[in-house]
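Comments concern the structure below.
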Amino acid sequence: MEIGLTHYLVLSTILFAIGLVGVMRRKNLLLLFFATEILLNAVNVAFAAISHYYGDMTGQMFAFFVIAIAASEVAVGLGLLIVWYKRHGSIDLDALATMKG
Amino acid sequence: MFEAIAFYLFAFLTIAMFFITVTTSQALYALTALAAGMIFISAFFFILGADFLGAVQIIVYTGAVMALYAFGMMFFDTTRDVKEKKGNKYIIVGLSTLAAILVVVIVAVPMVSQNVVALYPAIDGVGNTQEVGLVLFTKYLVPFEVAAIMLLVAMIAGIVLAGKKMDLSITLMNDAAIEEEKNKKVLS
Amino acid sequence: MLDHILSLLIFFPALAAVVGFMIQKESMRAYGISVATIEFALSLWLWYVFDGNVSGMQFMENIPLVQSFGINYTLGVDGISLFIIILSAFFTLLGIGSLTDTPNVKYMIITLLFLQMTMVGVFAALDAIVFYIFWELSLIPMLYIIGAWGGPLRIYASVKFFLYTFTGSLVMLVGMLFMAYFYYQATGVWSFALLDWYRLILPQSYQLWLFAAFFIGFAIKVPMFPFHTWLPYAHGQAPTIGSVILAAILLKMGTYAFVRFSLPLFPDASAYFMIPIAILAVIMVIYTAMVAYAQKDIKQVIAYSSISHMGIIILGTFALNVEGISGSIFLMLGHGVVAGALFMLVGVIYDRRHTKMMSEFGGLAQVMPRYATIFGIMMMASVGMPLTINFVGEFLSLLGFYQQSHIITILAGVGIIVGAIYMLGAYKKTFFGEVTNEKNKNLPDINKKELFGLIPLVIVAIWLGVYPKPVLGPINKSVESIVQLMHNKSTTELAKKRIPNLVKPKVIIIKKTIIEEVH
Amino acid sequence: METYLYIALFAPLVGSLFSALFTATPKKLFTGIVGSLLIFTSLVSSTILLMYILKGGEPVHVTMMTWMATGDLYIPFGFVVDQISVTMMMVVTLVSTVVHIYSIGYMDHDKGFNRFFAWLSAFVFSMMILVMSDNYAGLFIGWEGVGLCSWGLIGFWYHKESATWAASEAFIMNRIADLGMLIGLFLVYWNTGTLQYDGAFAAFHTLDISTLTWIGIFLFIGAMGKSAQFPLHTWLADAMEGPTPVSALIHAATMVTAGVYLVIRSHELYSLIPHVGLFIASLGAFVALFAASMALVNRDMKRIIAYSTLSQLGYMFVAAGLGAYWVALFHLMAHAFFKAALFLGAGNVMHAMDDELDPFKMGGLRKKMKWTWIMMGLASLALSGIFPFAGFFSKDAILEAAFVGNHTALHVMEHHYIIYAVLLFTAGLTAFYSFRLVALIFHGEERFKLFGFHPHEAAKIMLLAIAPLVILAIIAGAFQTTFFEMVQEALNAVEYHVHSQIVVWIMTIGTQVFAISMIIFAYVKYNNSRVSVPDGTSRLENSFIYKLLFNQYYIPHFYAEYIVKPYREISEIFWTKVDLKIVDATVDGIAGIIYGTGEKTRQMQSGNLSTMLTWMVAGLVGLLSLAVVFGLTARYSDEILLFLSALGV
């Protein structure tokens, strides 16, 4: 049984869906960050797979940059999180409603 | 055959780990499961012949990002972990599944119909790291440098944001002091 | 200088307004009056150098703005727009001159000068985009005037005014873009120039849709029934000067645009929609006149009477013959003068008593005889007394439409009856009877500053009623060319039937000779 | 001659403007004097023009300037003095001169003296435009102008509610008729291409009968308003709220006869449509009887005279409708003289009685006001048509015209016996109510003493002013032949002769006897000591007919109840219900829906990241679904079209 691109794409989709579930149900900001990491990784898998099956390096390059962005995001995001926590003593999402329209 | 077994095995493991990550109520479990999931992801990269990417995945995610999260979690009082309110599960799962299926339909259906697999088989033989290096430092040089600067900026930003009042630690303060500190912030 | 007189007319007040920010508060009034006087003198000079025997556009200016889309800064006047431009300069002068103790008078004058720019811009523009820009810009100063100097409900009124008219003009903008696209399809060149569009003959089905799009924009501005409800609020809340300019000039933009855009661009659609629009106009005339009769507030009476008169203007416009269209344009001027004067007159008592309720007054003819006389003259002009300016316009408009439909004209003519009813009713309640209210016993009669605004209007109202020829002549010339253009452009049987062909002198001569032979 | 024409026309305007300068200042005697002098100038010019026309001069025709010119329409300010208009000019200027002079005395104590003369002269100017114009548009200017001045003069005492109400009523009723007139003008223009009399008259011959009928009807509607014909008659009686000289000039002698003038002026039209003429005549006869019946029981001196005016206008319309245009014009002239004299006499009485109008409260004034009594008596005789006063000649001619019914254009003899009978009966009523009034005011017991009045004879200037009118009322009949010869040319006039001399004598003497017996009956009934102020208890006053007549057939009541009131209520409903609750509410509703949608969707922006993320995912799903749908549609468009066409779409 040959593993084709489709398999990888389906896997990536499933991972993405799990990530989405996390994004939507997590109320803890830190855990929300975890869910976004899942989303990014799901996409990375798809990129790598497509790159492999097309024989083109572009996909891998994109995955690289995604990782770089993820790293920076974590750095800045955690920094902001810490500031927020210091100020409010909580990282509960429901308390974070200053953007209320 | 070996490839297929490896794929399914790691696919199962990854999905399981990530599932734990999004469902567990313990932050520590979630962190651990996420780290494990990341490592399992790198397995796919190795299977796909993207050795360098796999290595980077392990180093950056499991090494750097997870360490950062671990440090972050130390900052936050895990004993005072927030209770997750029960959202409408059906909506959440339904939406996610729907989105996933749609993505599959959009992306996979054309692929299958064009039978991409048979037309473009993977090329073996060339060292992946070498290849990556070639592409990265020719075609993607500018984005690469930009990414480097971005990382630098992120690093500085992280330090500046988190570094203010490093001496102040909420974990070490009692509730009254925290309240006082809060009021000060609000007033200022 | 003559080549750029229109640009001068448009941008001189705007520049003066910018300079006005630097003028001392005390000397602002004098500054405003002198700017407005210069502007008015310029507009009179424009009339002087205007050649009344030419039917086409004069003093054309053309500067390309966006060449690839054919958007040009094109200006020009003909007999139709000339007098409205003069009227707007005239009213700005009178308005600034008769400004009473308004707070922040400096900013009021600056706003008025900006408004003056947009008004002249609308009437001089010959490019759809330029027209549209000025059209929308004119909303802003008016919004400020109502919103900043208005009555207690001013915010509601000004927002309603702005949003309502703005919504309408957005639909109009879509129509303009489609029109330009059709022009592009037909010729392969983009153009927003009105004179180019005049040459384009569209199939009737396109015309109907485009006509409807333009119609919504114009009809809200006019305002036609049932889009009229913003007007009473705007008038009710606006300060005197705002109402004067609104009634005298801004409403005329709608009817002017009908003549300038709808009729020559879509002759078939105009003929097709003539009867439905005329029915709307009749409803406007009678219904709003009756509503005016029910009002308690004298300013609202005049506000509703404006709508009623606009109905006659619409009717004249859609008569689609020379008599009717000339009459409607003349009535635009007439109504501008008369309604403007009436609003000024209401402002006079409002300044004295700070109320506009008719029940508060009564017997004013005894305490303020001069005021009552001027009000009486203007009221009679408003009800269309012959030898006043309104009669000429109303007579010609109705005469023109009579050719198209007897019944509708008779119904619209009921307007002269109901018009008399509410006007006489309001006059009776305000001026006749005994002075019952103590506060009215010692009201001072009209003063010099107010007379400065009113006397010229009285003179114009009577002069143009007795001798309308200097104005009617150039209007007639331009209208004839429009009607001929419409006749030539029209494609349907209906339109050919309803729009007269002016080039047919032979038939008439034969008819006359037959008549002579009989005798 | 043109100079005289302009003087005759513009002298009143100058007088009006001169007086208008002083409207806001206290009484200045010279405004009255200057006004009267200028009107007198106009009278002299008119007389010169009359002499010129009498000598057989060509009609004077001038075009002053263009008024309106657009498209094919061309309306000049053109004036013509021919046999018809010169007659009217004489009537107008003569009566107005008298009234101006009289007013100097009558308005002596009034605060609005100067304003009064401004309005009065303006009225004369409008009237002159009306009669002298050479086109329908000019006539319409005068038409509306007299309406305006009548509004200003009826409501002259504007502090009185009833006066301003009457003024508005008169103006609005006239406007209703003016609409008809305006439509008539439009019809004339679109069918003949001109509004000039000569051009239009020439073209009328080429038009078909139905068009002409419509033109005739609409023009006559205009005439009905101005001449207060049924059903637009109520304003005339209410117009008596104005100062009495105004009633004499406007509501007796000149303005109300404008309708008759219009029909006479358009005789070329009406002689083409005799069926409309017959309708006019029938309506006229009806109004003559109808108005006379209301005059029988009325208790307001001025209203009685106003109803008699109405009745006499009916006579004029009978003559005009039957094609006897010159007779109508002649009666118009004679009526102007004696009716103005009657009104001015009534003015004297009012002056003496502190504006009391109820003749039952007077009585026996003969001794106190000898001259007024004589003048009013003579004018009443003229009104009753007693030989040899003016009324006899003109009214007799109308009766003969009705009896013989010779329609000039068709040369057909038609006898209108019903109209004749009605007119004859009305002549008797006229005699009765005229002398009922005279008897009640001047004879019998001096009831005024009960009410504490101290009557006195009017000022000399007032009496002197009336004198010429009375003299004319006596002798005007003598001019009948001269007049006939003059207007013959313009009006294709024919004399009406009953072929048998005996019939003529029987008719004339019969009419005289009938009228005189009615006069005697009136005297017997009202010249005795039993007459007292009615208090609503007598049997007569409670009879149905008395009530019907006294309440003017309940027509004003009907108008107030079923037209004025509903109009006010509908207006109120239109404003409060339709405009605010439906039209405006719809607009606000649309705005409200948009605003409400925003208000509702604002909840989505709870600021909660979790919710926002859920919405984001939902949006993503939506977009992805769209992508799928459109992608599939694009891919399978051919198949879909095939499928649709198979379905027959």
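Laboratory data are not the source of any read-out in this text; all were calculated from the coordinates shown. Note that the structure is predicted; figures quoted are calculated from it, not measured. Positions of Cβ are generated from backbone atoms using ideal geometry, with glycine treated the same way; all protein chains shown enter the neighbour counts.
Other protein chain C-beta atoms within 10 Å of residue C-beta, averaged over D:618-625: 5.
So, counting K/R as plus one and D/E as minus one, what does the shell of residues with Cβ under 12 Å around D:N298 add up to? The partial results should precede the final answer.
On the way: positive: D:R299, D:K302, D:R303, D:R436; negative: D:D300, D:D358.
Neighbourhood net charge equals +2.
Sorted fewest first by neighbouring Cβ atoms within 10 angstrom, D:T597, C:T430 come out as D:T597, C:T430. Scalar couplings 3J(HN,Hα) for region B:53-61, obtained by applying the Karplus form with A = 6.51, B = -1.76, C = 1.60 to θ = phi - 60°, are 4, x, 5, 4, 4, 5, 5, 5, 6 Hz; x denotes Gly and Pro. Computed as a quarter of the hull surface, the mean projected area of the alpha carbon convex hull for chain A stands at 7.9 nm². Among D:K111, D:K339, the order by Cβ neighbours within 10 angstrom, fewest to most, reads D:K111, D:K339. Taking a Cβ cut-off of under 12 Å around C:L8, the surrounding Lys, Arg, Asp and Glu residues balance to a net charge of -3, with basic ones at +1 and acidic ones at -1.
Calculated FRET efficiency, D:L626 and C:I201, Cβ-Cβ r, R0 30 Å, to nearest 0.05?
Efficiency at R0 = 30 Å is approximately 0.15.
If R0 is 25 Å, the Cβ-Cβ spacing of D:D354 and C:E434 corresponds to a FRET efficiency of close to 0.80. Partner shielding of B:44-51 amounts to 6, given as the average count of beta-carbon atoms from other chains within 10 Å of each residue beta-carbon. Put the Cα centre of region C:206-253 next to the Cα centre of region C:156-203 and the gap is 17 Å.
What is the extension gain from C:L163 to C:T355, computed as 0.36 nm multiplied by their sequence separation minus the C-alpha to C-alpha distance, in nm to one decimal? Let's see the in-between values first.
Working: separation 192, 0.36 × 192 = 69.12 nm, distance 2.79 nm.
Between C:L163 and C:T355, full extension yields 66.3 nm more.
Peptide C:222-232 has a mean of 3 when you count, residue by residue, the C-beta atoms of other protein chains within 10 Å of its C-beta.
At a 10 Å Cβ-Cβ cut-off, how would you order D:L130, A:L5, fewest neighbours first? Could the numbers behind the result be given before it?
Values: D:L130 27, A:L5 21.
Ranking D:L130, A:L5 by Cβ neighbours within 10 Å, fewest first, gives A:L5, D:L130.
Between C:Y73 and B:V93, the simple label model (points 7 Å from Cα in the Cβ direction) yields a spacing of 6.7 nm.
For D:D110 and D:T25, the difference between the fully extended length at 0.36 nm per residue and the C-alpha to C-alpha distance is 29.4 nm. Take the Cβ atoms of D:E485 and D:S517, set R0 to 25 Å, and the FRET efficiency comes out at 0.10. Close amide H contacts of C:D127 (hydrogens built in the peptide plane, cut-off under 5 Å, sequence separation of 5 or more or a different chain): C:T74, C:L194.
Karplus-based coupling profile of region C:69-75, in residue order and whole Hz: 10, x, 8, 10, 7, 10, 10, with θ = phi - 60° in 6.51 cos²θ - 1.76 cosθ + 1.60 and x standing for Gly or Pro. Close amide H contacts of C:L65 (hydrogens built in the peptide plane, cut-off under 5 Å, sequence separation of 5 or more or a different chain): C:I71, C:N72, C:Y73.
Counting alpha carbon pairs within less than 8 Å and at least 6 residues apart, what relative contact order, in whole percent, applies to chain A?
28
With semi-axes defined as the square roots of five times the eigenvalues of the C-alpha gyration tensor, the equivalent ellipsoid of chain C measures 36, 28, 21 Å, largest first.
Per-peptide packing, taken as the mean over residues of other Cβ atoms within 10 Å, places A:48-54, D:200-206 in the sequence A:48-54, D:200-206 from highest down.
Starting from the Cα of D:I555, step 7 Å toward the Cβ, then list every residue of region D:210-236 with an amide N under 11 Å from that point. Within reach of a label on D:I555, which here means backbone N under 11 Å from a point 7 Å along Cα→Cβ, region D:210-236 contributes D:228-236.
Of the cross-linked pairs C:K296/C:K439; C:K296/D:K302; C:K356/D:K565; C:K252/C:K356, those separated by over 29 Å at the C-alpha level are C:K296/D:K302. Amide H contacts of D:M64 (H built 1.01 Å from N, in plane; Pro and chain starts excluded): D:F77, D:G78, D:F79 sit under 5 Å, all sequence-distant by 5 or more or on other chains.
Residues in region B:96-102 carry Karplus couplings, in order, of 4, 4, 4, 4, 4, 4, 4 Hz; the curve used is 6.51 cos²θ - 1.76 cosθ + 1.60 with θ = phi - 60°, and Gly or Pro positions show x.
Quick check: the angle from helix D:480-491's long axis to the longest principal axis of chain D, C-alpha only, nearest 10 degrees? Around 30 degrees separate the two axes. Once you list every other residue whose beta carbon is under 15 Å from the beta carbon of D:G347, what net charge do they have if Lys and Arg are +1 and Asp and Glu are -1? Within the 15 Å Cβ shell, the charges total -4. A straight chain from D:M612 to D:V564 at 0.36 nm per residue would run longer than the Cα-Cα distance by 10.9 nm.
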